[in-house]
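*Asks:* My questions will all concern the structure given below.
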Amino acid sequence: MRTQVAIIGAGPSGLLLGALLHKAGIDNIIIERQSGDYVLGRIRAGILEQGTVDLLKQVGAGERMQTEGTVHHSIELVFKNQRHAIDVHGLTDGKVVTAYGQTEVTRDLMDARQAAGLPTVYEAGDVSIHYFDSAQPKVRYVKDGQTHEIACDFIAGCDGFHGVCRASVPKASIQEFERVYPFGWLGVLADVPPVSPHAIVYGNHERGFSLCSMRSLTRSRYYIQCAIDDKVEQWSDQAFWDELRLRLDPKLAERIITGPSIEKSIAPLRSFVAEPMRFGRLFLAGDAAHIVPPTGAKGLNLAASDVKYLSDAFVDYYIDKTEAGIDGYSERSLRRVWKAERFSWSLTTLMHRFPDAGGFGQKIQEAELEYLVSSKAASTALAENYVGLPL
């Protein structure tokens, strides 16, 4: 089998890249080690920057998002038992973010790919990549007991943090930067109305961070900071709701509507970047190259900007017959990656309780938060980063 671009990973980054390439007339195949149902079963956040929304519309996968997604015009910061609104829409000349679950984004891209009759191999075992430092890279995998090989011009590694693509790069050729945070997020998904239908609420409290967000007008996602070694089994639904209320201002706490969790999990937090993002004819995109703590809602959006840059590079190569795009892909992507990493790190540092911070650290956070909500310049900087820096 032969194709122009072999894409490893059928998550949103791989699917979006496949859709952008198809629209440009570039052949591609997606290889995914899990089943389609497994991919759709992964629960992830879903706050979309305007650039991501525009890309989904561009590839014909935005119709349901436009109908079912909810536009957010502001965020709210809770500290010292008071709520403060940041008018994201007003501070960025009308830019907004859209709440639409990553699972739904993936489903829409899957449906669009299937409708176009484009090839995707699910449940591909023992995926391996070869000769990406030459002009004739290959991908091998096992399906139904048979070994298959795909010859291609390029390999796009969209297979996540634990995928085979970054792991296949010689250690001497890659540099990794990482910060692991000393706490986790306990998250609950519940079919209850959001506490705020038009804002995402971030809480800074002496007991720890909290976050209230919506998936739809009838489904909400809530988080609280927890110890890194906590287990889900330690937290009953009632214990979660009680703790969440303690970390919000009293009026907001009264408005929380509780219900049984339909998904509950603990996620560790880390910042991670691998440099460069190109190795010969292998290109990394999304979580294969970088991880951000979810505080800034940048993970999916960074993956979208990566594949936008990568699809542009392949269009340059195949249509305009220039290698400038592929030569500049890594540098171009990493400039945006590090700005998003900075924002996610700074918001995480501002809103969470660190074990060694003590009373001094809490006072510094409160002073920073008071400055943030009282300074138009500081609020604008937050809003600009939140809605997404220009592509």
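The values are calculated or read from the model by the stated rules, or taken from the named source; none is laboratory data. In this text, all values refer to a predicted model and were calculated from it rather than measured experimentally. Note: ideal-geometry Cβ built from the backbone for every residue, glycine included; neighbour counts use all protein chains shown.
*Asks:* Which is in a loop (DSSP other than H, G, I, E, B) and over 26 Å from V315 (Cα atoms), of H162, H148?
*Replies:* Of the residues listed, the single one that is in a loop (DSSP other than H, G, I, E, B) and over 26 Å from V315 (Cα atoms) is H162.
*Asks:* Identify the residue in region 247-274 that is surrounded by 12 or more Cβ atoms within 10 Å (Cβ to Cβ) and out of contact with any strand residue (DSSP E or B) (no Cβ under 9 Å at 6 or more places or on another chain) and, among all such residues, is farthest from G187 (Cα to Cα).
*Replies:* Only one residue fits best here, namely R255.
*Asks:* Anything in region 313-342 that is in contact (Cβ under 8 Å) with a residue 60 or more places away in the chain and not in a helix (DSSP H, G or I)? List them, or say none.
*Replies:* Once the filter is applied, which keeps residues that are in contact (Cβ under 8 Å) with a residue 60 or more places away in the chain and not in a helix (DSSP H, G or I), region 313-342 yields only I319.
*Asks:* From G25, G18, G14, G51, grab the single residue that is assigned by TED's automatic domain parsing to the domain that holds V142 and in a loop (DSSP other than H, G, I, E, B).
*Replies:* G25
*Asks:* Moving to a separate point now. Return the total of residues in region 111-140 being of a type in the set (S, T, Y) and either free of Cβ contacts under 8 Å to residues at least 60 places away in the same chain or over 17 Å from G14 (Cα atoms) (or both). Walk me through it before giving the result.
*Replies:* Kept after step one, since they are of a type in the set (S, T, Y), are these residues of region 111-140: 120, 122, 128, 131, 134.
Add one more test, that the residue is either free of Cβ contacts under 8 Å to residues at least 60 places away in the same chain or over 17 Å from G14 (Cα atoms) (or both), and what stays is 128, 131, 134.
Here the count works out to 3.
*Asks:* May I ask you to say which residue of Q82, Q66, Q102, Q114 is surrounded by fewer than 17 Cβ atoms within 10 Å (Cβ to Cβ), in the same structural domain as G25 (by TED's automatic domain parsing), at pLDDT below 95 and not hydroxyl-bearing (S, T, Y)? Break it down stepwise before answering.
*Replies:* Details: Q82 fails: in the same structural domain as G25 (by TED's automatic domain parsing); Q102 fails: surrounded by fewer than 17 Cβ atoms within 10 Å (Cβ to Cβ); Q114 fails: at pLDDT below 95.
Being surrounded by fewer than 17 Cβ atoms within 10 Å (Cβ to Cβ), in the same structural domain as G25 (by TED's automatic domain parsing), at pLDDT below 95 and not hydroxyl-bearing (S, T, Y) holds for just one of Q82, Q66, Q102, Q114, which is Q66.
*Asks:* Name the residues in region 285-302 that are touching a helix residue (DSSP H, G or I) at 6+ places or on another chain (Cβ under 6 Å) and either in the same structural domain as V201 (by TED's automatic domain parsing) or part of a loop (DSSP other than H, G, I, E, B) (or both), would you?
*Replies:* A285, V292, P293, K298
*Asks:* Look through region 206-223, keep the residues that are under 19 Å from the mean Cα position of the chain (by Cα) and among the hydrophobic types (A, V, I, L, M, F, W, C), and return whichever of them is farthest from E243 (Cα to Cα).
*Replies:* Here the residue is M214.
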